[in-house]
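S.K.: Provided herewith is a single structure, encoded as structure tokens, for subsequent inquiry.
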Amino acid sequence: MISYNTIIQSILSGLLEGGNYALYSLGLAFVFGIMQIINMAHGEFLVLGGYIAYWLLVKWGVNPLMALPVAALLAGGTSFLSYRIFIERIRTTVELNTLILTFGIGIFLSNLYLQLWSADLRSISVHWMEDPVHLGGIYISLGEIVTFVISFAAVFFLHLFLRRTKTGKAIRITAIDRDAAALSGINVERVDLLAFSIGGALAGLGGPLLGMLSFVSPNTGLHITVKAFILTVLAGVGSIPGLIVAGMMLGVGEALTVTFVSSSFRELFGFTLFLVILLARPSGLFGKRG
Amino acid sequence: MKLGNFFQITEKTAAFLTFGFVLILPVVLSFNPYYLSIFIIALILGAVSLSWNLLAGVCGQVSFGHAAFFGIGAYGSSLLVLKAGWNPFGAMIIAAFFGVMGAIIIGTPAFRLRGPYFALSILGFAEVVKLLTLNLTWLTDGSQGLFNIPALPAIRIGSMTLDFFVSRTTNYYLAAFLMLAIYLVIYFLRHSNTGLAMSAVHGDEETAAGIGVPVFRTKLLTLMVSAFCTALMGAFYAHYVHFLSPDSAFDGSWSVMPIVASLFGGMGTLIGPSIGALLITGLDEFIFKQFFETGHKLFFGILLAVVIVWTPKGLFGKSIRKK
């Protein structure tokens with residue numbers, strides 16, 4: 001018999017996990033919303049961030065939270081280089097070309113990780129993460145709370161950046177009408193490069209969190225990309241705050257699937273939800289219709 | 001100075017040259033079993049690449065998850081033989097229809113939307129099918145995999161016996177025959193009215209719909225044919241290697257390599273992908289693996305990126321004319 005507490009417990013962990021899903025998807029959703037490019041290498045940028053935090057901890061004992069900026073910077077740099085070397089050159093051709101191109105970059109990166117760091121699952125373990133926090137009869141680990149706060153902050157600051165800063169506004173205008181943006185003096189090529197690099201940096205930020213909560217491996221990347229895409233569609237393309245809600249829906253759904261069905265069918269929930277959304281409301285929960 | 005400026009051949013000539021090469025290759029390799037086994041896989045990949053490219057090159061729908069159909073065919077056929085005692089040849093055909101069913105399940109929702117939605121939905125689909133294969137242990141034996149999958153039964157033609165259990169050569173030629181059959185299906189389909197509809201959808205969906213092409217139905221039909229052929233090759237693979245696990249049957253390579261092969265050989269041609277498959281298998285086996293033993297596939301990532309940026313028509317795209 002599944003107790004009342006167990007259900008509350010799994011809903012709560014689902015909500016917290018869902019906040020992290022929002023961060024894991026943020027880079028992909030941002031780049032897709034602004035540039036209409038699905039970055040198939042998104043998951044690999046994220047995994048890179050995870051590996052960086054892992055090696056900083058193992059080699060020099062660096063606190064994974066201190067590794068966050070380094071991870072974001074290096075993943076952002078990799079993303080910057082990918083854009084300058086390859087994507088920039090075919091930006092104006094068929095949409096499917098950029099899809100295949102970023103897919104290729106992803107294959108390159110994941111096999112590079114495999115070659116350099118083997119197929120082992122790398123988990124970033126820190127003691128304080130395991131510290132329990134009791135709320136009534138419910139137990140949550142400190143790590144779950146800390147990562148949730150970081151994820152939430154990242155989504156919030158990206159939203160603020162897009163709404164309040166001049167650069168953010170330039171990025172949004174370029175997404176709405178490229179030609180008008182160019183005419184009003186915005187350097188749209190620079191905006192593209194910036195947006196893609198920010199997307200990579202955001203992915204890099206998610207990596208250490210993923211490593212702390214579960215693990216990273218060369219195979220994790222593609223899996224994350226699929227999940228990020230599902231969430232982006234669920235939230236509605238272009239809706240950054242919608243990611244939090246969509247992430248939480250997915251998180252809770254997965255947690256309840258684990259509680260009531262079996263942990264092996266956890267991943268099935270997201271995909272089923274995705275197919276239902278595609279059929280019933282392809283513009284997503286918070287996207288504009290049509 | 002591109003390759004295409006130097007020599008130009010027609011699609012038909014290219015196909016004759018390719019299959020001629022495939023026919024004599026075992027003689028050149030003096031029937032060395034090790035090399036034959038490499039090229040059997042190359043032919044399976046070639047046939048899957050032809051099917052992938054029917055969908056992507058002809059109809060314009062890129063799939064990142066053809067491993068789903070390959071695995072469905074492989075498991076479908078093996079289970080029919082192992083658990084229901086079917087004849088492997090009949091099981092292969094029915095397993096190919098399982099692939100068609102998979103195509104309907106994923107194509108129906110995913111083709112309502114355009115472009116990248118399909119590519120990614122099918123990637124998710126491939127993950128889910130693999131997950132189900134891992135977890136429906138009562139049917140698939142889960143991660144343990146399927147052992148002792150019977151080889152195709154020997155065929156007697158007059159006094160000649162084609163044995164598929166021991167002989168690599170007969171398996172090689174059967175793979176070649178399947179690749180030829182798939183090529184012919186694709187060739188005639190491309191030159192039918194349906195083929196015209198496919199290329200209209202590729203060109204511009206709205207215009208195609210405007211002149212009365214049933215866009216959704218055309219895309220779904222193309223996916224069904226592509227899935228049938230891919231699942232058929234998956235089934236052949238199962239009876240050739242005798243062992244399946246979710247990791248081998250649904251290996252991401254069966255999704256990735258057809259893309260690399262098709263781009264390399266030329267997505268605008270029909271025969272190009274199979275040439276690409278033979279070439280990249282050779283490159284992988286004799287060059288890439290010498291550099292990096294575990295991460296050798298990183299070269300395919302570079303290849304994919306370089307081809308799409310600098311020669312999007314592929315290595316032979318300009319050399320092979322349509323007519």
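The values are calculated or read from the model by the stated rules, or taken from the named source; none is laboratory data. Treat the numbers as computed from the prediction; the structure is a model and nothing was measured. When we count neighbours, we look across all protein chains shown, and the Cβ atoms used for this are built from the backbone with ideal geometry, even at glycine.
S.K.: Considering every residue within the stretch B:250-261, establish whether at least one is under 15 Å from the mean Cα position of the chain (by Cα) and surrounded by fewer than 18 Cβ atoms within 10 Å (Cβ to Cβ). Working first, answer last.
M.R.: As a first pass, look at the stretch B:250-261 and keep what is under 15 Å from the mean Cα position of the chain (by Cα): B:250-261.
From the residues that got through so far, the ones that are surrounded by fewer than 18 Cβ atoms within 10 Å (Cβ to Cβ) too are B:251, B:253.
Yes, the stretch B:250-261 contains a residue that is under 15 Å from the mean Cα position of the chain (by Cα) and surrounded by fewer than 18 Cβ atoms within 10 Å (Cβ to Cβ).
S.K.: Check the stretch A:189-202 and report whether any residue there is without any contact (Cβ under 8 Å) to a residue 60 or more places away in the chain, within 11 Å of chain B (Cβ to nearest Cβ) and aliphatic (A, V, I, L, M).
M.R.: Looking through the stretch A:189-202, none of the residues is without any contact (Cβ under 8 Å) to a residue 60 or more places away in the chain, within 11 Å of chain B (Cβ to nearest Cβ) and aliphatic (A, V, I, L, M).
S.K.: While we're here: State which residue is nearest to the other protein chains (Cβ to nearest Cβ) when the search covers only the stretch A:226-251 and only residues that are β-branched (Val, Ile, Thr) and in a loop (DSSP other than H, G, I, E, B).
M.R.: The extreme case among them is A:Val237.
S.K.: In addition: Output the helices (runs of 4 or more DSSP H) that fall wholly within the stretch A:86-164 and possess 2 or more residues being more than 14 Å from chain B (Cβ to nearest Cβ) and touching a Ser or Thr at 6+ places or on another chain (Cβ under 7 Å), or say none. Don't jump to the end; show me each part of the working.
M.R.: Values: elements: A:95-117, A:127-130, A:142-164.
Result: A:127-130.
S.K.: Please go through (1) crowded, with 18+ Cβ neighbours inside 10 Å; (2) modelled with pLDDT under 95 for B:Gly203 and return the number of the only condition it doesn't satisfy.
M.R.: With respect to (1) crowded, with 18+ Cβ neighbours inside 10 Å; (2) modelled with pLDDT under 95, B:Gly203 is out only on (1).
S.K.: Follow-up question, since we're still on this one. Consider A:Thr220 carefully, then state whether it is polar (S, T, N, Q) and either facing another protein chain (nearest Cβ under 10 Å) or more than 13 Å from the chain's Cα centre (by Cα) (or both). Reasoning before the result, please.
M.R.: Details: polar (S, T, N, Q): yes; either facing another protein chain (nearest Cβ under 10 Å) or more than 13 Å from the chain's Cα centre (by Cα) (or both): no.
Spelling it out, it is not the case that A:Thr220 is polar (S, T, N, Q) and either facing another protein chain (nearest Cβ under 10 Å) or more than 13 Å from the chain's Cα centre (by Cα) (or both).
S.K.: Condition check: at negative phi and surrounded by 24 or more Cβ atoms within 10 Å (Cβ to Cβ). Does A:Val237 satisfy that? Spell out the reasoning first.
M.R.: On the way: at negative phi: yes; surrounded by 24 or more Cβ atoms within 10 Å (Cβ to Cβ): no.
Criteria not met by A:Val237.
S.K.: Looking at B:Ala110, B:Ala119, B:Ala181, B:Ala126, which is the one that is more than 27 Å from B:Ala15 (Cα to Cα), without any contact (Cβ under 8 Å) to a residue 40 or more places away in the chain and among the small types (Gly, Ala, Ser)?
M.R.: On the way: B:Ala119 fails: without any contact (Cβ under 8 Å) to a residue 40 or more places away in the chain; B:Ala181 fails: more than 27 Å from B:Ala15 (Cα to Cα); B:Ala126 fails: without any contact (Cβ under 8 Å) to a residue 40 or more places away in the chain.
Exactly one residue qualifies, and that residue is B:Ala110.
S.K.: Checking the structure you have, find out if any residue of the stretch A:176-188 is surrounded by 17 or more Cβ atoms within 10 Å (Cβ to Cβ) and touching a residue at least 60 places away in the same chain (Cβ under 8 Å).
M.R.: Scanning the stretch A:176-188 turns up no residue that is surrounded by 17 or more Cβ atoms within 10 Å (Cβ to Cβ) and touching a residue at least 60 places away in the same chain (Cβ under 8 Å).
S.K.: Ok, one more. May I ask you to verify whether A:Leu28 is modelled with pLDDT of 95 or more and in a helix (DSSP H, G or I)? Walk me through it before giving the result.
M.R.: Details: modelled with pLDDT of 95 or more: yes; in a helix (DSSP H, G or I): yes.
It is true that A:Leu28 is modelled with pLDDT of 95 or more and in a helix (DSSP H, G or I).
S.K.: Another one. On the given criteria, is A:Glu254 in a helix (DSSP H, G or I), on the phi < 0 side of the Ramachandran plot and modelled with pLDDT under 85?
M.R.: Numbers: in a helix (DSSP H, G or I): yes; on the phi < 0 side of the Ramachandran plot: yes; modelled with pLDDT under 85: no.
No.
S.K.: Moving to a separate point now. Of all residues in the stretch A:61-80 being modelled with pLDDT under 95 and surrounded by fewer than 19 Cβ atoms within 10 Å (Cβ to Cβ), which is farthest from A:Ile145 (Cα to Cα)?
M.R.: A:Gly61
S.K.: Condition first: part of a helix (DSSP H, G or I) and within 8 Å of chain B (Cβ to nearest Cβ). Now tell me which residues in the stretch A:271-283 satisfy that.
M.R.: Correct list: A:Phe271, A:Phe274, A:Leu275, A:Leu278, A:Leu279.
S.K.: Which residues, taken from the stretch B:210-241, are small (Gly, Ala, Ser), assigned to a helix (DSSP H, G or I) and farther than 16 Å from B:Thr108 by Cβ?
M.R.: From the stretch B:210-241, those small (Gly, Ala, Ser) are B:210, B:212, B:226-227, B:231, B:234-235, B:238; that's our starting set.
If we keep only those that are assigned to a helix (DSSP H, G or I) too, we end up with B:210, B:226-227, B:231, B:234-235, B:238.
If the condition is that a residue be small (Gly, Ala, Ser), assigned to a helix (DSSP H, G or I) and farther than 16 Å from B:Thr108 by Cβ, then B:Gly210, B:Ala231, B:Gly234, B:Ala235, B:Ala238 are the ones that fit.
S.K.: Being modelled with pLDDT under 95 and either touching a Lys or Arg at 6+ places or on another chain (Cβ under 9 Å) or in a helix (DSSP H, G or I) (or both) is true for just one of A:Gly43, A:Gly18, A:Gly49. Which residue is that? Outline the logic, then answer.
M.R.: Details: A:Gly43 fails: modelled with pLDDT under 95; A:Gly49 fails: modelled with pLDDT under 95.
None of the other options fit; the residue is A:Gly18.
S.K.: In addition: Looking at B:Phe125, B:Phe177, B:Phe188, can you tell me which residue is within 14 Å of chain A (Cβ to nearest Cβ), under 18 Å from the mean Cα position of the chain (by Cα) and of a type outside the set (A, V, I, L, M)?
M.R.: Working: B:Phe177 fails: within 14 Å of chain A (Cβ to nearest Cβ); B:Phe188 fails: within 14 Å of chain A (Cβ to nearest Cβ).
After ruling out the rest, the residue left standing is B:Phe125.
S.K.: Still on this structure, please answer the following. When the stretch B:140-185 is examined, which residues are found to be surrounded by fewer than 17 Cβ atoms within 10 Å (Cβ to Cβ) and in a strand (DSSP E or B)?
M.R.: Correct list: B:Ile155, B:Arg156, B:Ile157, B:Met160, B:Thr161, B:Leu162.
S.K.: Residue by residue through the stretch B:242-271, note down the ones that are on the phi > 0 side of the Ramachandran plot and assigned to a helix (DSSP H, G or I).
M.R.: To start, the set of residues in the stretch B:242-271 that are on the phi > 0 side of the Ramachandran plot comprises B:242, B:266.
Once the filter is applied, which keeps residues that are on the phi > 0 side of the Ramachandran plot and assigned to a helix (DSSP H, G or I), the stretch B:242-271 yields nothing.
S.K.: Give me the residue from the stretch B:277-314 that is without any contact (Cβ under 8 Å) to a residue 24 or more places away in the chain, within 7 Å of another protein chain (Cβ to nearest Cβ) and assigned to a helix (DSSP H, G or I) and, out of that set, farthest from A:Arg89 (Cα to Cα).
M.R.: Top of the filtered list is B:Leu298.
S.K.: Of all residues in the stretch A:27-44, count the ones that are within 14 Å of chain B (Cβ to nearest Cβ) and among the aromatic types (Phe, Trp, Tyr).
M.R.: So the first thing to find is which residues in the stretch A:27-44 are within 14 Å of chain B (Cβ to nearest Cβ), and the list is A:28-29, A:31-33, A:35-44.
Now narrow it down to the ones that are among the aromatic types (Phe, Trp, Tyr): A:32.
Of the residues in that region, 1 qualify.
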